[in-house]
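Structure first, then comments.
The values are calculated or read from the model by the stated rules, or taken from the named source; none is laboratory data. Computed from a prediction, not measured in an experiment: that's the story for all the values here. With ideal geometry, Cβ positions are generated from the backbone for all residues, glycine too; neighbour counts draw on all protein chains shown. The area values use the complete protein model at the heavy-atom level, side chains included, leaving out ligands, DNA and RNA. Shrake-Rupley method; radii C 1.70, N 1.55, O 1.52, S 1.80 Å.
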Amino acid sequence: PEVAPAAEEPEDANALGAMAMEAMLSGDMARYEELNKRLELRQAQLAAGQSSASGVQDGRGSSSREMLDADGRRTEVLEEVDAAGRSKVLLSSVQAASVATKGKHRGSAKVAAAAKGGRVAGFYGDDDVSLDELVRRERIEGVQDYSANLAEYISKKKGFKPLHEDEDEAYALGWYEDSSKKLDAKARDVKEQRQAVQDKQRVKHNLEKCTRCMESKRFARQAVISVSPRAFLCMDGLGQSILPGQLVICPQDHVPATTDVDDSTWTEMRNYQKCIVRYFEAQDPPQAVIFAESSIHRVSRDQLLLGGGPHAAVVAYPVPHETLSDARFFFKKAFDEAECEWSAQHKKVIETSAKGGVRGAIPKNFPYVHIDFSLGGGFAHVVEDSTEFAKDFVQHTIAGMCELTTIDRAYPTKDKHREA
């Protein structure tokens, strides 16, 4: 039988499904395949239309959208976002200079255009913007820190003079605006492009300096023992190894602490810890493992997005099994004496459970030192002053506990370390 033209047949999904079923029952498989393809294409179009409509209605500003090609396949188009996760297209649609960018009023509040030969009628060329539009712009762009903007303006302005009491404050509103608000669209695009290039170079430079990032040139690949999708296990460096068999567990992402990693990464790191404990318990004689994490120095969110700051690492120190009971007293006393008693704002010794670990005791973005005794619970200490806190605090404490000096190392030469 001849196949009817597509234009004469309905495009309703239910009707196409019924016709496809009828063709299959009648044994016309060629027509069934054709109708089935049209049905799938129609369903994809309906799904794409519903998702785009819901995105407009809920106002969530999705960072991706779907398109259909000629074969009916879905193609996801990702939108560019800035460091704060805002869509650059949406952001550019509401950005505008709030002060004059040219002429004698440059840097001062925008003034309305005056008639030829007349005086300026009033201030602000955007007086006709509604309150709803201003609220929408602020939700997209965010709220400015006007005090910080004023401080930055004063610091950069040589010979700054405050307004006289008789001068109108409208001309000084530019002092409180961010520097990006004082540029026209072309100059702002050039600045953003230059900033993006600088940020990319800074990310590359920061990650190349990190000795814990696997993509870095300084990363010791020969020391890697095991790699999982989100974490890895390796030997500790020659200069840091004070005990034979000292290991390091790190997340693959550049994060400052284990309190900042996601649950999947934490699970993989925890599995590595369990394997290490079982391995050293099976040795002759059996050994215990002290896991230590020092997240002392923290950087700002912007620096962290650019790859700055230290890389999180959990160091495994294998010690004699009989030393484990004494280790609790050593570290409890060390935490009590670590910082000045009068400057402490937090409890000096915070007990951590065997199940939750440090993530159940210390919130995010807090500098801390955490000790875990063979996954049987441990102690955490919130660092009050990171500038005065010893960066080798854990290493020196374990060295004293094992009757070693601070300069003793497990491997005297690089060859011994490589053989281990």
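If you go through region 99-110 one residue at a time, do you hit one that is farther than 25 Å from Gln303 by Cβ and modelled with pLDDT of 75 or more? Give the steps one after another, and end with the answer.
Just the residues of region 99-110 that are farther than 25 Å from Gln303 by Cβ, to begin with: 99-110.
Applying the additional criterion that residues be modelled with pLDDT of 75 or more yields none.
Taking every residue of region 99-110 in turn, none turns out to be farther than 25 Å from Gln303 by Cβ and modelled with pLDDT of 75 or more.
Residues that are surrounded by 17 or more Cβ atoms within 10 Å (Cβ to Cβ) and not hydrophobic (A, V, I, L, M, F, W, C) were ranked within region 374-408; the one that is farthest from Arg328 (Cα to Cα) is Gln395.
For region 212-224, the set of residues classified as exposed (fewer than 14 other Cβ atoms within 10 Å of the Cβ) and closer than 23 Å to Val358 by Cβ is empty. The C-beta contact set for region 360-373 (first residue closer than 15 Å to Ala292 by Cβ and surrounded by fewer than 23 Cβ atoms within 10 Å (Cβ to Cβ), second residue among the acidic types (Asp, Glu) and modelled with pLDDT under 90, distance under 9 angstrom, 6+ apart or interchain) comprises Pro367/Glu384. Taken as a whole, the structure leaves Ile276 outside the set of residues that are touching a strand residue (DSSP E or B) at 6+ places or on another chain (Cβ under 6 Å), open to solvent by 60 Å² or more (accessible area, probe 1.4 Å) and of a type in the set (A, V, I, L, M). Scan region 248-259 and give yes if some residue there is closer than 23 Å to Asp415 by Cα, buried (at least 19 other Cβ atoms within 10 Å of the Cβ) and at pLDDT 90 or above, otherwise no. The answer is yes; a qualifying residue exists. The set of residues from region 375-407 being at pLDDT 85 or above, under 30 Å from the mean Cα position of the chain (by Cα) and among the polar types (S, T, N, Q) comprises just one member, Gln395. Scanning region 299-320 for residues that are polar (S, T, N, Q) and open to solvent by 60 Å² or more (accessible area, probe 1.4 Å) gives a single hit, Gln303.
Given the options Phe331, Phe335, name the one that is in a helix (DSSP H, G or I), in contact with a Lys or Arg (Cβ under 9 Å, 6 or more places away or on another chain) and of a type outside the set (A, V, I, L, M). Give the derivation first.
Values: Phe331 fails: in contact with a Lys or Arg (Cβ under 9 Å, 6 or more places away or on another chain).
So the residue among Phe331, Phe335 that is in a helix (DSSP H, G or I), in contact with a Lys or Arg (Cβ under 9 Å, 6 or more places away or on another chain) and of a type outside the set (A, V, I, L, M) is Phe335.
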